[in-house]
Amino acid sequence: MVAVHSTTRGPGLGGCRMWTYDDAWAAMHDVLRLSRAMTFKAAVADLPLGGGKGVIMLRPDEAVLTPERREAALLDFGDTVESLGGTYLTAEDVGTSEEAMDVIATRTEHVTGLASGSGDPSPWTALGCEVALRTTCEYAFGTSDLSGRTVAVIGLGNVGSRLAELLHAGGAQLIVADVDQGKRELAERLGATWTDPHGALTAEVDVLAPCALGGVLNDDTLPALRCKAIAGAANNQLASDSHDQALADRGILWAPDFVANAGGLINIAVELEPEGYSTERAELRVRAIGDTLRHIFDKAASSGSTPLRAALELGRERLSAA
Ligand code: NAD
């Protein structure tokens, strides 16, 4: 399935997710929801891109495909992308990788994030998260300096592990958690305190950085939070939009996830610039997440709104201006 939510600002770009769904209805719901989120992520990051998303639906009884069937599915997906004539640009996402993009690229040129282009987005997402976290500290504590700041990182995957390294290099003291015990080694290397995911979520720290799954900020977890600010990579951190107000009521400053984690997408967009890809321009653009976030925090403060509402409003303004 491919959903193209908006081409108002440019072609709809979004990753291709290969995931198990109970039925086609659930997969369609997911692809529509995710494509809409991409429209806002790109607009808020001021990219010349719309929103789109791809889903390759795996059946519950066939969660892992044989190499032959996986290749066949990716080729079919490539044909689907090609049939849309460039209104949708695909990229890697959960369940797909650079190798999958290489297969898709044999059927269509509308593929981004190939090794020959902008490559793995995770280091850029991590850099953008570090910038967002520092900017959040600027507003919450008056300085972006991380020395002595305590940060809890939940999820030490592709993004979380790199973010933890960057924060450690910046002088932050870390509490880290992952369901994968194999990540303890990294914790030791960074001199971080290892705990379980709930312990990290509810730790008394300056900043919480959710870098695993979505929905971590919900009715159950919110009353238990003891952080003063939140900035991390996980998508859809709020169980519902109203939790943004609940965080503000508790005096916790939240960097909207789709602003903080836009680094990977921003990096891909550099590939589409007329001059072609360059890491120098990518770094410059990813670091601009700081200015975007300042704009959002200022707007929220001056209008008595919340960061989420201010970010969505910025996205809508940019869409209507286009
Ligand atoms: P990943 O799969 O590499 O890492 C996720 C990590 O979280 C893994 O180490 C996993 O063991 C751990 N984890 C899973 N469930 C957990 C739980 N309940 N508690 C603690 N740890 C748990 O994924 P990633 O690429 O690092 O992405 C992390 C998050 O950031 C995801 O929500 C993803 O959608 C989002 N994101 C990633 C990118 C990117 O460039 N990779 C871009 C934007 C957003």
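The values are calculated or read from the model by the stated rules, or taken from the named source; none is laboratory data. Source: prediction; values computed, not measured. Glycine gets a Cβ as well: all are built from the backbone with ideal geometry, and neighbour counts include every protein chain shown.
Of a type in the set (Lys, Arg), closer than 19 Å to residue 234 by Cβ, part of a helix (DSSP H, G or I) and modelled with pLDDT of 95 or more - does that describe any residue in the range 39-59? Lay out the reasoning, then the answer.
Within the range 39-59, the subset of a type in the set (Lys, Arg) is 41, 53, 59.
Those left that are additionally closer than 19 Å to residue 234 by Cβ: 41, 53.
Remaining after also requiring part of a helix (DSSP H, G or I): 41.
With the extra rule that they be modelled with pLDDT of 95 or more, the set shrinks to 41.
Yes; the residues of the range 39-59 include at least one that is of a type in the set (Lys, Arg), closer than 19 Å to residue 234 by Cβ, part of a helix (DSSP H, G or I) and modelled with pLDDT of 95 or more.
Name every residue in the range 222-261 that is closer than 18 Å to residue 39 by Cα, more than 12 Å from the ligand (Cβ to nearest atom) and among the charged types (D, E, K, R), in order of residue number. Of everything in the range 222-261, just one residue is closer than 18 Å to residue 39 by Cα, more than 12 Å from the ligand (Cβ to nearest atom) and among the charged types (D, E, K, R), namely 241. Here 161, 118 are screened, and the one residue that is within 22 Å of the chain's Cα centre (by Cα), within 16 Å of the ligand (Cβ to nearest atom), part of a loop (DSSP other than H, G, I, E, B) and closer than 28 Å to residue 92 by Cβ is 118.
Among 17, 69, which is the only one that is in a strand (DSSP E or B), of a type in the set (Lys, Arg) and farther than 28 Å from residue 295 by Cα? Show your work before the answer.
On the way: 69 fails: in a strand (DSSP E or B).
After applying the criteria, what remains is 17.
Only one of the listed residues (145, 219) is away from the ligand (no atom under 16 Å from the Cβ), surrounded by fewer than 20 Cβ atoms within 10 Å (Cβ to Cβ), within 23 Å of the chain's Cα centre (by Cα) and not in a helix (DSSP H, G or I). That residue is 219. Across the range 199-207, a minimum of one residue is classified as within 20 Å of residue 126 (Cβ to Cβ) and of a type in the set (Asp, Glu).
Of all the residues in the range 80-111, those that are within 16 Å of the ligand (Cβ to nearest atom), among the charged types (D, E, K, R) and assigned to a helix (DSSP H, G or I) number 2. Kindly provide the set of residues from the range 92-143 that are within 21 Å of residue 155 (Cα to Cα), modelled with pLDDT of 95 or more and of a type outside the set (S, T, N, Q), ordered by number. Residues satisfying the conditions are 123, 124, 126, 127, 128, 129, 130, 131, 132, 133, 134, 137.
So, residue 286, is that one buried (at least 19 other Cβ atoms within 10 Å of the Cβ), within 12 Å of the ligand (Cβ to nearest atom) and β-branched (Val, Ile, Thr) or not? When the stated conditions are applied, residue 286 passes them.
For beta carbons closer than 6 Å, sequence separation of 6+ or different chains, a first residue in the range 224-246 that is more than 22 Å from residue 156 (Cα to Cα) and a second that is part of a loop (DSSP other than H, G, I, E, B) and more than 14 Å from the ligand (Cβ to nearest atom), the qualifying pairs are 244/306; 245/306.
Report yes if some residue within the range 121-133 is in contact (Cβ under 8 Å) with a residue 24 or more places away in the chain, among the polar types (S, T, N, Q) and more than 16 Å from the ligand (Cβ to nearest atom); otherwise report no. It would help to see each step written out before you state the result.
As a first pass, look at the range 121-133 and keep what is in contact (Cβ under 8 Å) with a residue 24 or more places away in the chain: 121-133.
Filter once more, so that each one left must be among the polar types (S, T, N, Q): 122, 125.
When the remaining residues are screened for being more than 16 Å from the ligand (Cβ to nearest atom), the result is none.
Looking through the range 121-133, none of the residues is in contact (Cβ under 8 Å) with a residue 24 or more places away in the chain, among the polar types (S, T, N, Q) and more than 16 Å from the ligand (Cβ to nearest atom).
If the condition is being within 20 Å of residue 263 (Cβ to Cβ), part of a helix (DSSP H, G or I) and touching a residue at least 24 places away in the same chain (Cβ under 8 Å), then the range 164-185 contributes 164, 165, 166, 167, 168.
Please work out if residue 189 is in contact with a Ser or Thr (Cβ under 9 Å, 6 or more places away or on another chain), among the charged types (D, E, K, R) and within 16 Å of the ligand (Cβ to nearest atom). When the stated conditions are applied, residue 189 does not pass them.
Return the residues of the range 164-186 that are of a type in the set (A, V, I, L, M, F, W, C) and within 12 Å of the ligand (Cβ to nearest atom); say none if nothing qualifies.
164, 176, 177, 179, 186
Across the range 88-102, the number of residues qualifying as crowded, with 17+ Cβ neighbours inside 10 Å and more than 12 Å from residue 54 (Cα to Cα) comes to 2.
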